[in-house]
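Everything below concerns the one structure shown next.
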């Protein structure tokens with residue numbers, strides 16, 4: 001990982017850390033116990049506070065996030081997922097679980113079709129046609145999270161991720177049934193949008209499937225890719 005990628009990942013992690021409400025009080029209390037020159041104290045205190053907060057957040061990142069236990073990972077996913085609508089959690093949870101945390105090894109090009117299965121033949125080619133060229137495909141596989149089965153394609157550019165996640169609908173599952181308002185309608189397909197922290201989420205549904213594009217891209221770029229990709233993906237899924 002390059003230094004710039006590392007710095008970006010660190011900044012993203014620090015921004016995503018939710019400090020307990022008592023943290024600032026404790027830090028200020030600790031700083032108050034330190035002798036500070038009368039003439040410079042009013043200038044140094046805010047800088048010292050900021051430096052201390054950053055150091056604590058950095059330590060949390062190094063010794064917490066990079067060494068997440070399975071329980072801590074599930075807690076993080078639940079915390080993030082709670083901020084989006086129920087059906088958006090389906091794709092978001094698999095993206096974080098599989099692409100962000102698990103990081104499966106690269107799928108060799110000759111193994112992509114076999115990894116997805118014959119029924120999804122052509123899906124990888126469709127996705128590659130619309131995902132930016134600077135994001136080559138890293139993995140194409142079928143996975144399971146909390147007993148739910150997914151088809152998952154991941155594209156990477158350095159430390160940045162794009163996931164195409166597809167799941168069969170459960171009983172009664174539908175964006176329309178949950179009264180979610182589409183962000184737009186493209187080629188007759190209602191497109192739904194959400195986001196939390198670094199994750200931009202665009203989604204649509206076919207008769208039997210929920211389809212998500214989740215990435216670190218700006219929300220409008222994520223939606224642009226999804227609206228272009230949606231018609232051929234929907235056509236493929238409705239032939240299954």
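A short reminder: the numbers here are calculations on the coordinates, not readings from a lab. The structure displayed is predicted, hence computed values, not measured ones. Note: ideal-geometry Cβ built from the backbone for every residue, glycine included; neighbour counts use all protein chains shown.
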>> Can you classify the range 109-181 as rounded, prolate or oblate using the Cα gyration tensor, where a ≥ b ≥ c are the square roots of its eigenvalues, rounded means a/c under 1.5, and otherwise it's prolate if a/b beats b/c and oblate if not?
In response: prolate
> What whole number of Å gives the distance from the Cα centroid of the range 168-240 to the Cα centroid of the range 115-152?
Replying inline: 15 Å
> Could the peptides 168-177, 189-198 be put in order, highest first, of the mean number of other beta-carbon atoms found within 10 Å of their residues?
Replying inline: 189-198, 168-177
>> I need the peptides 149-157, 96-104 ranked by packing, meaning the mean over residues of other C-beta atoms within 10 angstrom, with the highest value on top.
In response: 149-157, 96-104
> Based on the Cβ-Cβ distance from residue 178 to residue 133, what FRET efficiency comes out when R0 is 30 Å, to the nearest 0.05?
Replying inline: 0.30
>> Rounded to two decimals, what is the ratio between the C-alpha radius of gyration of the range 85-238 and 2.2 N^0.38 Å?
In response: 0.94
> Expressed in nm², what is the orientationally averaged projection area of the convex hull enclosing the Cα positions of the range 156-234?
Replying inline: 5.4 nm²
